1. Is the stretch 28-43 home to any residue that is surrounded by fewer than 16 Cβ atoms within 10 Å (Cβ to Cβ), of a type in the set (Gly, Ala, Ser) and not assigned by TED's automatic domain parsing to the domain that holds ARG209?
2. Where in the stretch 42-129 are the strands (runs of 3 or more DSSP E), entirely inside, with at least 2 residues that are touching a residue at least 40 places away in the same chain (Cβ under 8 Å) and more than 17 Å from the chain's Cα centre (by Cα)?
3. For TRP33, state whether it is part of a loop (DSSP other than H, G, I, E, B) and touching a Leu at 6+ places or on another chain (Cβ under 9 Å).
4. So for the stretch 227-238 (the condition being surrounded by fewer than 19 Cβ atoms within 10 Å (Cβ to Cβ) and outside any helix (DSSP H, G or I)), does at least one residue qualify?
5. Among the residues of the stretch 130-155, write down those that are among the polar types (S, T, N, Q), surrounded by 13 or more Cβ atoms within 10 Å (Cβ to Cβ) and in a loop (DSSP other than H, G, I, E, B).
6. Can you go through ASP189, ASP159 and tell me which one is outside the structural domain of PHE34 (by TED's automatic domain parsing) and either part of a loop (DSSP other than H, G, I, E, B) or at pLDDT 95 or above (or both)?
7. Would you confirm whether or not the stretch 108-118 contains a residue that is modelled with pLDDT under 95, buried (at least 16 other Cβ atoms within 10 Å of the Cβ) and either more than 21 Å from LEU50 (Cα to Cα) or assigned by TED's automatic domain parsing to the domain that holds LYS68 (or both)?
8. Considering each residue of the stretch 36-87, count those that are in contact with a Phe, Trp or Tyr (Cβ under 6 Å, 6 or more places away or on another chain), under 22 Å from PHE146 (Cα atoms) and of a type in the set (A, V, I, L, M, F, W, C), and give that number.
Amino acid sequence: MTREFEIKKEVEVEGTPEQVWDAIATGPGIDSWFMGPHTVDGRLGGRMTLDLGFFQEASTITAWEPGKRFAYESDKADDGTIHAMEYLIEARDGGSTVLRFVHSGILGDGWSDEYLDQTSYGWDMYLATLGQYVKYFPGRRGTYVFAQAPQEQPDDAWDRLLAALGVPAEPQVGDEVTLEPFGITGVVDFAYDLPGVFLSVRGTDGLYRFHGTRAVGHHLFGDATGQAEKWQAFLETAIKA
């Protein structure tokens, strides 16, 4: 049996509505803070695609009001699942922008309540990443770099990951850190109080995102050649049962 769901978020972004629109409604913009690669046929009724290799999704644009409103809905899956995203943009005095976001749709039988909690946490991280992108990397195009950790993990996998990175055991927003195996110096720009959920570090040329001990999904604003392979090898060494 299918069921409806809805997740609402609101964030203030230090950027103009035009900058926010470019980030949410163009393929290169989306790739710079969410997942990728995306393609966007920018018009009402246009098609969007996401191709991660191991996962593909296609959607139809249902609202296209540049600088104001953008929405799209995924094609229905075999189990009846549909995902719909809506972004509402509002300018604020001082050059900032309020972004209101709604993720809604229909879930099939195989989707648990835990999925909604995890998805809500995920959107907190992604929308924070959007804010970091617009503020610190406006106009630059990022390459999405994904690497997946081993499925079988020890109980202390999160501690092992942080130790391998050279990051303190309880990183806090604003902490200056060095991801030692890669020589990347940056600042923690997002972290949950719950350990092992997310770690986000803003470097000079990248937004480094650690999805707990499951995977990394970085956005690199330079040459990303070979980076996915390097991070894959790191995860396999750092986290192993």
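1. Yes: one or more hits.
2. Correct list: 82-91, 97-107.
3. yes
4. Checked the stretch 227-238: no residue is surrounded by fewer than 19 Cβ atoms within 10 Å (Cβ to Cβ) and outside any helix (DSSP H, G or I).
5. Residue satisfying the conditions is GLN153 alone.
6. Exactly one of ASP189, ASP159 is outside the structural domain of PHE34 (by TED's automatic domain parsing) and either part of a loop (DSSP other than H, G, I, E, B) or at pLDDT 95 or above (or both), namely ASP189.
7. Yes, some residue in the stretch 108-118 is modelled with pLDDT under 95, buried (at least 16 other Cβ atoms within 10 Å of the Cβ) and either more than 21 Å from LEU50 (Cα to Cα) or assigned by TED's automatic domain parsing to the domain that holds LYS68 (or both).
8. Number of matching residues: 1.
The values are calculated or read from the model by the stated rules, or taken from the named source; none is laboratory data. Small disclaimer: the values here were computed from a predicted structure and weren't measured. Heads up, the Cβs are rebuilt from the backbone with ideal geometry, glycines too, and the neighbour counts pull from every protein chain shown.
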